[in-house]
Amino acid sequence: MAYHSGFAAIIGRPNVGKSTLLNRLVGQKVAIMSDKPQTTRNRILAVVTGADHQVVFIDTPGIHKPKHRLGEMMVRVAARTLTEVDVVLHVVEATAPVGEGDRAIAGQLKEAGTPAILAVNKLDLVTKDHLLAAVATYSQLHDYTEVVPISATTGANLDALMGCIRPLLPEGPQYYPDDTVSDQPEAQLLAELVREKILNLTRDEVPHSVAVVVEEMQERPDGLVYVKANVFVERDSQRGILIGQSGRMLKEIGKQAREEAEALLGSRLYLDLWVKVKKDWRDREDLLRQMGYRPEET
């Protein structure tokens, strides 16, 4: 039997379940999740390896109307990915009407010419009639190779989705070892976990004004891993919110991030968080680069 390997991009509007889908396909957490739009900022690579195939998934930032340079970078990253992969998974919601973002993605798919599968997510939240109507409506956006209703939350129909992906991949070698699930360095994973907890514990303007950078990561003789991370915000008021009264908010963020990181990495951690103000960092290319984003490469 021929071995198939290749790259599959996961694309869609913000908050349609792309990261949840990626984590479910891989079988463990590689992308942070939140009910806040634009949670994913960078391309996240994850690997699923089977007996006769290897799929390298790329989770992209959601397509949205950007309001700053960071947003512009995120949209360029997502759009560019369409031409660099073998197949695209366009994720939409069975519970939501077609939006301008979906139409924009369909136009980009036509221009890219890459085979595309429509994954209609959240089938567990709608009736059969509603699901069929949603599938029919979204199918009109583009000439999709396949249309697959799924639930990223429950895992329903994901085997069928994988079955549709494999034939669209070229015959080729295995790119990564069997046990590889992601290319994210541990420092990046830790930074993203901290940002996830901030997204889930704060609201209004705070979540999207935050960037997290791990400055130091060192294993001590007793096996404890010391991690120093800077949390950047744009305003003094946001810094106050993140620290909280008597430091309670920052302690809770650190506690939740540390507990999940220890479970994922299998190591005891000391997480040392510092909140710093970098005014308007999302609109400054020098600060974007300092925080690990590369606007000039998009």
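The values are calculated or read from the model by the stated rules, or taken from the named source; none is laboratory data. All values reported here derive from a predicted model rather than from experimental measurement. Cβ coordinates were reconstructed from backbone atoms using ideal geometry, including for glycine residues, and neighbour counts include every protein chain displayed.
Just checking, how many residues over region 15-44 are more than 16 Å from A191 (Cβ to Cβ) and either at pLDDT 80 or above or touching a strand residue (DSSP E or B) at 6+ places or on another chain (Cβ under 8 Å) (or both)?
Qualifying residue count, region 15-44: 13.
Looking only at region 254-298, filter to residues that are in contact with a strand residue (DSSP E or B) (Cβ under 7 Å, 6 or more places away or on another chain) and in a helix (DSSP H, G or I); which one of those is modelled with the lowest pLDDT?
Filtering region 254-298 for residues that are in contact with a strand residue (DSSP E or B) (Cβ under 7 Å, 6 or more places away or on another chain) and in a helix (DSSP H, G or I), the one modelled with the lowest pLDDT comes out as W281.
Looking at region 179-188, is at least one residue part of a strand (DSSP E or B) and under 24 Å from I10 (Cα atoms)?
There is at least one residue in region 179-188 that is part of a strand (DSSP E or B) and under 24 Å from I10 (Cα atoms).
Just to be sure before I move on: is L168 of a type outside the set (V, I, T) and either assigned by TED's automatic domain parsing to the domain that holds D272 or more than 22 Å from T20 (Cα to Cα) (or both) in the structure I sent?
When the stated conditions are applied, L168 passes them.
Show the residue pairs that are 6+ apart or on different chains and have beta-carbon atoms under 7 Å apart, the first residue being within region 16-29 and in a helix (DSSP H, G or I), the second being among the β-branched types (V, I, T) and modelled with pLDDT of 90 or more.
Partner pairs satisfying both residue conditions: K18/I10; K18/V91; T20/T153; L21/I10; L21/V91; L22/I10; L25/V48; V26/V48.
Report yes if K251 is charged (D, E, K, R) and assigned to a loop (DSSP other than H, G, I, E, B), otherwise no.
On the way: charged (D, E, K, R): yes; assigned to a loop (DSSP other than H, G, I, E, B): no.
Here the answer is no, as K251 does not meet what is asked.
Is there a residue being basic (K, R) and part of a loop (DSSP other than H, G, I, E, B) anywhere in region 216-238?
Yes, region 216-238 contains at least one residue that is basic (K, R) and part of a loop (DSSP other than H, G, I, E, B).
Search region 76-105 for residues being surrounded by 20 or more Cβ atoms within 10 Å (Cβ to Cβ) and among the small types (G, A, S), and hand back the single one that is modelled with the highest pLDDT.
A94
Could you identify the single residue in A211, A229 that is among the hydrophobic types (A, V, I, L, M, F, W, C), surrounded by 17 or more Cβ atoms within 10 Å (Cβ to Cβ), in contact (Cβ under 8 Å) with a residue 60 or more places away in the chain and in contact with a strand residue (DSSP E or B) (Cβ under 6 Å, 6 or more places away or on another chain)?
None of the other options fit; the residue is A211.
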